[in-house]
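Just so it is clear, none of the values below were taken in a lab; they were calculated from the coordinates. What you are looking at is a predicted structure, and each value in this text was computed from that prediction instead of being measured. Reconstructed Cβ throughout: ideal geometry from the backbone, glycine too, with neighbour counts over all protein chains shown.
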Amino acid sequence: MAETVFAKILRGEIPCHRVYEDAAVLAFLDVNPLSRGHTLVIPKEPVETIDQLSDDAAAAIGRVLPRIARAVLAATGARAFNILQNNGALAHQAVFHVHFHIIPRFDDGSGLGIEWVPARLTDGAELAKAIAAKL
């Protein structure tokens, strides 16, 4: 895995505003937030994308992500939030270490803007079967 800013944060070489840490997970405020309280949640396991994450690291993130989201909502007064997780450059991943964004939404419009352009599912049965076969 390439050297990342998150690796430097995990090693203590770059400071961060920590909001949560355990043996497997670190959460800290984003230094370029989309809204007040924008928090990053990262595994300590050094992998680039979620499909490379071990089951144990994924479970550790899954256990704390809801708890951190509740804390962000309570501390900021936000009533809604997005959780964003990008994998690969084509998906707009900028730091190549798995990370989840908790992005509070406020009435002022701050937060994550999303443009969703749905397509029509044309080969659902065949595609579902192909995906299931890979599990």
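Suppose we filter Ile114, Ile83 for residues that are within 19 Å of Leu40 (Cα to Cα), touching a helix residue (DSSP H, G or I) at 6+ places or on another chain (Cβ under 9 Å) and of a type in the set (A, V, I, L, M); which single one remains? Ile83 is the lone residue from the list that is within 19 Å of Leu40 (Cα to Cα), touching a helix residue (DSSP H, G or I) at 6+ places or on another chain (Cβ under 9 Å) and of a type in the set (A, V, I, L, M). Among the numbered conditions (1) loosely packed, with under 10 Cβ neighbours inside 10 Å; (2) of a type in the set (Phe, Trp, Tyr); (3) in contact (Cβ under 8 Å) with a residue 60 or more places away in the chain, the only one that Phe106 does not meet is (1).
Against the list (1) more than 19 Å from the chain's Cα centre (by Cα); (2) in a loop (DSSP other than H, G, I, E, B), the condition Gly111 fails is (1).
Having 2 or more residues that are in contact with a strand residue (DSSP E or B) (Cβ under 6 Å, 6 or more places away or on another chain) and in contact (Cβ under 8 Å) with a residue 40 or more places away in the chain is the bar; report the strands (runs of 3 or more DSSP E) wholly within the stretch 1-72 that clear it. Don't jump to the end; show me each part of the working.
Working: elements: 18-21, 25-29, 39-43.
In the stretch 1-72, the matching strands (runs of 3 or more DSSP E) lie at 18-21, 39-43.
Every condition in (1) without any contact (Cβ under 8 Å) to a residue 40 or more places away in the chain; (2) within 14 Å of Ile103 (Cβ to Cβ); (3) surrounded by 15 or more Cβ atoms within 10 Å (Cβ to Cβ) is met by Arg79 except one, and the failing one is (3).
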